[in-house]
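Engineer: One structure, as structure tokens, below. Some questions next.
The values are calculated or read from the model by the stated rules, or taken from the named source; none is laboratory data. Model, not experiment: these values are computed from the prediction. Positions of Cβ are backbone-derived with ideal geometry, glycine not excepted, and every protein chain shown enters the neighbour counts.
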Amino acid sequence: MTARIGVVTFPGSLDDRDTQRAVRLAGAEPVALWHKDKDLKQVDAVVLPGGFSYGDYLRAGAISRFSPVMETVIEQAKAGLPVLGICNGFQVLTEAHLLPGAMLGNDHLHFICRDQKLRVESAETFWTSDFRAGQEINIPLKNMDGRYVADEYTLDKLEAEGRVVFRYVARGEAAHGYGNPNGSLRDIAGITNEAGNVVGLMPHPEHAVEPLIGTGRTDGLPFFTSILKKLVNA
């Protein structure tokens, strides 16, 4: 039976169709979910895509967090439903308190759009098992409010529990200056919850799933093959 992965569309979402295509290329069935849907249509996993949901009014992800679809996503994520938040989706996950910390404006106060090198810090989540720890990947990044912040206790806890999933890097070393695109604390690009079923990251894996487009590589595809294998083997 083909795994069904829901892709949520909020007013202002930009990357929902790209995400649906990535899901399809991985071998799963994408299921469109509208922001007003409380019924998740029996999907096996959910992706919250990038964009500017509800215009990013108040702050990025703040209104989306209270949408009807998120009421159900929050409830089911706490019960084990795999959820991936990409860019704006990551912002929504922090606003929903499914992931700790917050996303603030880039430290240089500009929108940024470029290919970004990341280091995989954990391959132990539902969404990263097809990577290997220490692997470097290159996927597109585009955001205005991409700076991950949290208090020192939370940061230390994430590090100690192996919940930092991706870090910005430059030439294989810790990111400094150009390597870190937005001033994220400890160069954090993505994190997971304690159970490993919820993952959020700022860069866009759905834009790096075919050699023809984007970075000219498929470094983003393992996000989607990872969850597919997890669901098939569950």
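Table: residues versus (1) modelled with pLDDT of 95 or more; (2) hydroxyl-bearing (Ser, Thr, Tyr); (3) out of contact with any Asp or Glu (no Cβ under 6 Å at 6 or more places or on another chain).
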{"site": "144", "(1), (2), (3)": "no, no, yes"}
{"site": "149", "(1), (2), (3)": "yes, no, yes"}
{"site": "159", "(1), (2), (3)": "yes, no, yes"}
{"site": "172", "(1), (2), (3)": "no, no, yes"}
{"site": "177", "(1), (2), (3)": "no, no, yes"}
{"site": "180", "(1), (2), (3)": "no, no, no"}
{"site": "191", "(1), (2), (3)": "yes, no, yes"}
{"site": "194", "(1), (2), (3)": "yes, no, yes"}
{"site": "205", "(1), (2), (3)": "yes, no, yes"}
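Engineer: While we're on this one: If the requirement is being modelled with pLDDT under 95 and not aliphatic (A, V, I, L, M), which of these qualifies: 119, 114, 132?
Structural biologist: Values: 119 fails: modelled with pLDDT under 95; 132 fails: modelled with pLDDT under 95.
When all the criteria are applied, what remains is 114.
Engineer: In this structure, does residue 95 turn out to be of a type outside the set (Phe, Trp, Tyr) and free of Cβ contacts under 8 Å to residues at least 24 places away in the same chain? Talk me through it step by step, then tell me what you get.
Structural biologist: On the way: of a type outside the set (Phe, Trp, Tyr): yes; free of Cβ contacts under 8 Å to residues at least 24 places away in the same chain: no.
Taking the combined requirement at face value, the residue does not satisfy it.
Engineer: A follow-up question, please. So in the stretch 74-111, with the set limited to residues that are modelled with pLDDT of 95 or more and among the charged types (D, E, K, R), which one is surrounded by the most Cβ atoms within 10 Å (Cβ to Cβ)?
Structural biologist: Taking the stretch 74-111 and keeping what is modelled with pLDDT of 95 or more, we get 74-102.
Adding the requirement that they be among the charged types (D, E, K, R) leaves 75, 78, 95.
Values: 75: 12, 78: 13, 95: 21.
Looking at residues that are modelled with pLDDT of 95 or more and among the charged types (D, E, K, R), I get 95.
Engineer: What residue, of 206, 124, is under 17 Å from the mean Cα position of the chain (by Cα) and part of a helix (DSSP H, G or I)? Give the steps one after another, and end with the answer.
Structural biologist: Values: 124 fails: part of a helix (DSSP H, G or I).
Every option except 206 fails the conditions.
Engineer: I'd like the full set of residues that are assigned to a loop (DSSP other than H, G, I, E, B), within 20 Å of residue 167 (Cα to Cα) and in contact with a strand residue (DSSP E or B) (Cβ under 8 Å, 6 or more places away or on another chain), limited to the stretch 209-233.
Structural biologist: 215, 217, 219, 220
Engineer: Is there a residue in the stretch 138-159 that is part of a loop (DSSP other than H, G, I, E, B), within 30 Å of residue 233 (Cα to Cα) and without any contact (Cβ under 8 Å) to a residue 40 or more places away in the chain?
Structural biologist: Taking every residue of the stretch 138-159 in turn, none turns out to be part of a loop (DSSP other than H, G, I, E, B), within 30 Å of residue 233 (Cα to Cα) and without any contact (Cβ under 8 Å) to a residue 40 or more places away in the chain.
Engineer: When you scan the stretch 54-73, how many residues do you find that are at pLDDT below 85, buried (at least 21 other Cβ atoms within 10 Å of the Cβ) and over 17 Å from the mean Cα position of the chain (by Cα)?
Structural biologist: Qualifying residue count for the region: 0.
Engineer: Still on this model: How many of the residues making up the stretch 19-43 are buried (at least 21 other Cβ atoms within 10 Å of the Cβ) and either in a helix (DSSP H, G or I) or at positive phi (or both)?
Structural biologist: The qualifying residues number 5.
Engineer: Still on this model: Could we say that residue 46 is buried (at least 21 other Cβ atoms within 10 Å of the Cβ), assigned to a helix (DSSP H, G or I) and among the β-branched types (Val, Ile, Thr) here? First the steps, then the outcome.
Structural biologist: Details: buried (at least 21 other Cβ atoms within 10 Å of the Cβ): yes; assigned to a helix (DSSP H, G or I): no; among the β-branched types (Val, Ile, Thr): yes.
Answer is no for this residue.
Engineer: Sort through 19, 2 and tell me the only one that's of a type in the set (Ser, Thr, Tyr) and without any contact (Cβ under 8 Å) to a residue 40 or more places away in the chain.
Structural biologist: Details: 19 fails: without any contact (Cβ under 8 Å) to a residue 40 or more places away in the chain.
Residue meeting the stated conditions: 2.
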